[in-house]
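Colleague: First the structure, then my questions, so here it is.
The values are calculated or read from the model by the stated rules, or taken from the named source; none is laboratory data. If you're wondering where the values come from, they're calculated on a predicted model, not measured in any experiment. Cβ: placed from backbone, ideal geometry, glycine included. Neighbour counts: every protein chain shown.
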Amino acid sequence: MAAPSSSSSPSYPPSLTADQLAYLTASFTDYALAHGLVVRPPPTLSPANPHNCLATSAPVTLFPSPFPRAPFDEARAIQTACNELYARVAHDEPWLGALSRELARIDDFIGKLWDVHTRLKTEGGYHHRYSLGLFRSDYMVHRDARAGTAALRQVEFNTIASSFGALATKVSEMHRFLWRGGAYPTIDLLSDVSLPRNPALESLADGLAKAHELYIADVAPERGYTLPSDADFVSSAGPTSDYGIIFIVQDGERNAFDQRWLEYHLTARYGIRVFRVTLPEIRKYSHHVRPNYELLFVPPHALDAKKQAVFEISVVYFRAGYGPADYPTQDEWNARYFLEESRAIKCPTILTQLAGSKKVQQVLASRDALARFVPDEATTDRIFNTFAAIYPLDTSPVGLHARKLAFEQPGKYVLKPQREGGGNNIYRDKIPDFLSGIDEEKWPSYILMELIQPPEVDNIVMRSGEMMQGKVVGELGVYGAVIWKDGEGKGEGAKDGVEVVYNREAGVLLRTKGSASEEGGVAAGFGCIDSCVLV
Ligand code: ADP
Ligand code: MG
Ligand code: MG
């Protein structure tokens, strides 16, 4: 990518005069700052940040990027089926256990997650009644130049800490504003129909609120509450104000505002209190009440108050805990166990987190394995059609074949470990050396995936105040919010064992990166947030 010039003239986005560009960037910057479309600045950009009070506009594109309508519609249409699929995987403990135990032998992090589950199952048992999934299924459009087609291909499925929903909603609104407010020159492509509204922020917050409501409805008979039967959500009045939601967050999170927007929505719309806590802090401020392991939380800011505020936690929402860096000592693992053991609804449980591993995605990429979890053939086909080729690197016949591919044709593949959060993959020609450099015993902890080749489009990216123009590619994420009955009757098999009580497609995220860059993660520093103009 290059600094923008006003001379080149691709048809979209339109070429701009210097005055037009200056007007657009000023409009963008003020809109982003005024609407909380912001992140904390990287320390290199702003070494002096007194009281952590500075923010900068989030990395975004100046224009919405063209995205083909049919794959966009299809990705959204199958989201509730994908939600249910992963709820079923998470619920099928024997199936998930077989995979996780294999991985645990060679992947320490997966091993530790699995240990929390098995220890809990054998020692104290689970106490929650429902599980909440705030998922995101990520796709690229695969361009088959010879056939002239563009097909939807899943990159991965996230079951923990799926981020950027709130900022995606704000980017979508911003692009609409820049269009309607006249900051763009006339662009025929843009219309009320081609710029879809994106309610990710509200939909994700609604999922959390619904779980909160279900928790209170579950405890109500024991506590003698009468809840209004006509209201969809419990109001903040009466005894329900003693309940709250915990967000488990990372210390020094730069993307805190994306999380804060969910909190603001929960509090403004539903009167729900939200507490932000790190894993090492949680034990200081909370305890269980036996025999049902309600999670009681005393917010640190209320410790000195005359009347001590104690909140019963309905939902624990993890925006941390997805990678080894969040567990530097055994204390953090103990904290995870403590939360897992509680009656609070987890988003996600350990099993749901494991269901989102790359290994599960690889196994599901065989149609028979997928069919185990999807109730009908037609839906199985629709989901299966979005899968790219993914191989194990074990010593099975297909694994041995994949090892050959990895060494002989690495240019077609990406190698993925069982990790989340971006920046962990090995691409193309680096694969052979990487594999040769590690113990062969460890190879099965990676999966080999065919590279998807998305079509390039043009756009202008604003990142940390720098403007870059050039070829970009997009990755579409579709959010899902799903709640299922869990905790009891675990492991009853795939198709019958899950009772889904809430299931919604929950908005989208378009992330865009320079087409020469391998990774697209925004927080990991590779990409930016975009919105779709459907073509
Ligand atoms: P993570 O869980 O760390 O986000 P991903 O599987 O999403 O892992 O990989 C990170 C990034 O790598 C993606 O956002 C995408 O840009 C790129 N990527 C991953 N798989 C593929 C693929 N099969 N083809 C092309 N790019 C890919
Ligand atoms: Mg991921
Ligand atoms: Mg990803």
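Colleague: Taking the criterion of being closer than 20 Å to Tyr139 by Cβ and surrounded by 17 or more Cβ atoms within 10 Å (Cβ to Cβ), would at least one residue in the range 391-406 satisfy it? Steps first, answer last, please.
Modeller: First, pick out the residues of the range 391-406 that are closer than 20 Å to Tyr139 by Cβ: 391.
Filter again for surrounded by 17 or more Cβ atoms within 10 Å (Cβ to Cβ), leaving 391.
The answer is yes, given that some residue of the range 391-406 is closer than 20 Å to Tyr139 by Cβ and surrounded by 17 or more Cβ atoms within 10 Å (Cβ to Cβ).
Colleague: Let me ask something else about it. Please determine whether any residue of the range 422-431 is among the small types (Gly, Ala, Ser), within 22 Å of Arg153 (Cβ to Cβ) and at pLDDT below 95.
Modeller: We begin by selecting, within the range 422-431, every residue among the small types (Gly, Ala, Ser); these are 422-423.
Retained after the next criterion (residues that are within 22 Å of Arg153 (Cβ to Cβ)): 422-423.
Checking which are at pLDDT below 95 leaves us with 422-423.
Within the range 422-431, one or more residues are among the small types (Gly, Ala, Ser), within 22 Å of Arg153 (Cβ to Cβ) and at pLDDT below 95.
Colleague: Here's something else I'd like to know. Could you please find all residues in the range 112-163 being among the β-branched types (Val, Ile, Thr) and more than 16 Å from ligand 1 (Cβ to nearest atom)? Give the steps one after another, and end with the answer.
Modeller: From the range 112-163, those among the β-branched types (Val, Ile, Thr) are 116, 118, 122, 141, 149, 155, 159-160; that's our starting set.
The answer is Val116, Thr118, Thr122, Thr149.
A quick yes/no check of all residues on (1) more than 23 Å from the chain's Cα centre (by Cα); (2) of a type in the set (Val, Ile, Thr); (3) modelled with pLDDT of 95 or more:
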residue	(1), (2), (3)
Arg76	no, no, yes
Asn83	no, no, yes
Arg88	no, no, yes
Arg101	yes, no, yes
Arg105	yes, no, yes
Asp115	yes, no, yes
Gly125	yes, no, no
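Colleague: Among the residues of the range 410-427 satisfying the criterion of being charged (D, E, K, R) and closer than 16 Å to Ile390 by Cβ, which is farthest from ligand 1 (Cβ to nearest atom)? I'd like the intermediate steps shown before the answer.
Modeller: Of the range 410-427, the ones charged (D, E, K, R) are 412, 416, 419-420.
Filter once more, keeping what is closer than 16 Å to Ile390 by Cβ: 412, 416, 419.
Working: Lys412: 10, Lys416: 6, Arg419: 6 Å.
Once the filter is applied, the top-ranked residue is Lys412.
Colleague: May I pose another question? Just the residues that are in a helix (DSSP H, G or I) and under 9 Å from Leu448 (Cα atoms), please, taken from the range 382-404.
Modeller: Across the range 382-404, the qualifying residues are Ala402, Arg403.
Colleague: Then there's this: Residues being crowded, with 18+ Cβ neighbours inside 10 Å, in a helix (DSSP H, G or I) and over 21 Å from the mean Cα position of the chain (by Cα): count how many of those fall in the range 90-99. Let's see the steps before the verdict.
Modeller: Step one: list which residues in the range 90-99 are crowded, with 18+ Cβ neighbours inside 10 Å, which gives 90-93, 95-97, 99.
Right, trim to in a helix (DSSP H, G or I) and you get 90-91, 93, 95-97, 99.
Of the ones still in play, those that are also over 21 Å from the mean Cα position of the chain (by Cα) are 93, 95, 97, 99.
Of the residues in that region, 4 qualify.
Colleague: Would you please name the residue that is farthest from the chain's Cα centre (by Cα), looking only at residues in the range 434-453 that are at pLDDT 95 or above and closer than 24 Å to Ser515 by Cα?
Modeller: Looking only at the range 434-453, we keep the residues that are at pLDDT 95 or above, and these are 434-452.
Within this subset, residues satisfying the condition of being closer than 24 Å to Ser515 by Cα are 434, 447-452.
On the way: Phe434: 28, Ile447: 20, Leu448: 22, Met449: 20, Glu450: 22, Leu451: 21, Ile452: 20 Å.
Result: Phe434.
Colleague: Quick one: how many residues across the range 132-170 are out of contact with any Cys (no Cβ under 8 Å at 6 or more places or on another chain) and either of a type in the set (S, T, N, Q) or not in a strand (DSSP E or B) (or both)?
Modeller: First, the residues of the range 132-170 that are out of contact with any Cys (no Cβ under 8 Å at 6 or more places or on another chain): 136, 138-156, 158-170.
Restricting the remaining residues to those that are either of a type in the set (S, T, N, Q) or not in a strand (DSSP E or B) (or both) gives 145-149, 154, 158-170.
Qualifying residue count for the region: 19.
Colleague: I'd like the full set of residues that are away from ligand 3 (no atom under 16 Å from the Cβ) and touching a Phe, Trp or Tyr at 6+ places or on another chain (Cβ under 7 Å), limited to the range 153-173.
Modeller: Correct list: Ala166 only.
Colleague: Next question, about the same structure. What residue, of Ala388, Ala344, Ala406, Ala402, is touching a residue at least 12 places away in the same chain (Cβ under 8 Å), hydrophobic (A, V, I, L, M, F, W, C) and within 16 Å of ligand 3 (Cβ to nearest atom)? Spell out how you get there, then give the answer.
Modeller: Values: Ala344 fails: within 16 Å of ligand 3 (Cβ to nearest atom); Ala406 fails: within 16 Å of ligand 3 (Cβ to nearest atom); Ala402 fails: within 16 Å of ligand 3 (Cβ to nearest atom).
Residue meeting the stated conditions: Ala388.
One line per residue, one yes/no per condition, for (1) crowded, with 20+ Cβ neighbours inside 10 Å; (2) modelled with pLDDT under 95; (3) of a type in the set (A, V, I, L, M, F, W, C):
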site	(1), (2), (3)
Ser137	yes, no, no
Asp144	no, yes, no
Thr159	yes, no, no
Ala166	yes, no, yes
Lys170	yes, no, no
Ser191	no, no, no
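Colleague: Going through Phe257, Phe275 one at a time, which residue ends up being farther than 30 Å from Gly527 by Cβ, modelled with pLDDT of 95 or more and not acidic (Asp, Glu)? First the steps, then the outcome.
Modeller: Values: Phe257 fails: farther than 30 Å from Gly527 by Cβ.
Sole residue among the options that is farther than 30 Å from Gly527 by Cβ, modelled with pLDDT of 95 or more and not acidic (Asp, Glu): Phe275.
Colleague: Of the residues that sit in the range 476-535 and are at pLDDT below 95 and of a type in the set (Asp, Glu), which one is nearest to Val60 (Cα to Cα)?
Modeller: Looking at the filtered set, the residue picked out is Glu519.
Colleague: Name every residue in the range 222-250 that is under 18 Å from Leu132 (Cβ atoms), modelled with pLDDT of 65 or more and not in a strand (DSSP E or B), in order of residue number.
Modeller: The one that is under 18 Å from Leu132 (Cβ atoms), modelled with pLDDT of 65 or more and not in a strand (DSSP E or B): Val249.
Colleague: Hey, can you tell me all the residues within the range 319-335 that are closer than 14 Å to Phe247 by Cα and away from ligand 3 (no atom under 16 Å from the Cβ)? Don't jump to the end; show me each part of the working.
Modeller: Here is the first cut: in the range 319-335, the residues closer than 14 Å to Phe247 by Cα are 319-322, 335.
Within the range 319-335, Ala320, Gly321, Ala335 qualify.
Colleague: Also: Could you count how many residues in the range 278-309 are of a type in the set (A, V, I, L, M, F, W, C), closer than 26 Å to Phe257 by Cα and modelled with pLDDT under 95?
Modeller: Residues that pass the stated criteria total 4.
Colleague: Whether any residue in the range 200-207 is modelled with pLDDT under 95 and of a type in the set (S, T, N, Q) is what I want to check.
Modeller: Applying the first criterion (modelled with pLDDT under 95) to the range 200-207 yields none.
The answer is no; no qualifying residue exists.
Colleague: Considering each of Gly411, Gly423, Gly356 in turn, give the residue that is surrounded by fewer than 17 Cβ atoms within 10 Å (Cβ to Cβ) and within 16 Å of ligand 3 (Cβ to nearest atom).
Modeller: Numbers: Gly411 fails: within 16 Å of ligand 3 (Cβ to nearest atom); Gly356 fails: surrounded by fewer than 17 Cβ atoms within 10 Å (Cβ to Cβ).
From the options Gly411, Gly423, Gly356, the qualifying one is Gly423.
Colleague: Okay, moving on. Output the residues belonging to the range 59-89 that are out of contact with any strand residue (DSSP E or B) (no Cβ under 7 Å at 6 or more places or on another chain) and farther than 30 Å from Phe177 by Cα. Before the answer, list the steps.
Modeller: Our first condition is that a residue be out of contact with any strand residue (DSSP E or B) (no Cβ under 7 Å at 6 or more places or on another chain); within the range 59-89, this holds for 70, 73, 77-78, 81, 85, 88-89.
Selection gives Ala81, Leu85, Arg88, Val89.
Colleague: Could you go through the range 39-51 and let me know if any residue there is surrounded by 15 or more Cβ atoms within 10 Å (Cβ to Cβ) and in contact with a helix residue (DSSP H, G or I) (Cβ under 7 Å, 6 or more places away or on another chain). Steps first, answer last, please.
Modeller: Looking only at the range 39-51, we keep the residues that are surrounded by 15 or more Cβ atoms within 10 Å (Cβ to Cβ), and these are 39-41.
Next, only the ones that are in contact with a helix residue (DSSP H, G or I) (Cβ under 7 Å, 6 or more places away or on another chain) stay: 39-40.
Yes - at least one qualifying residue is present in the range 39-51.
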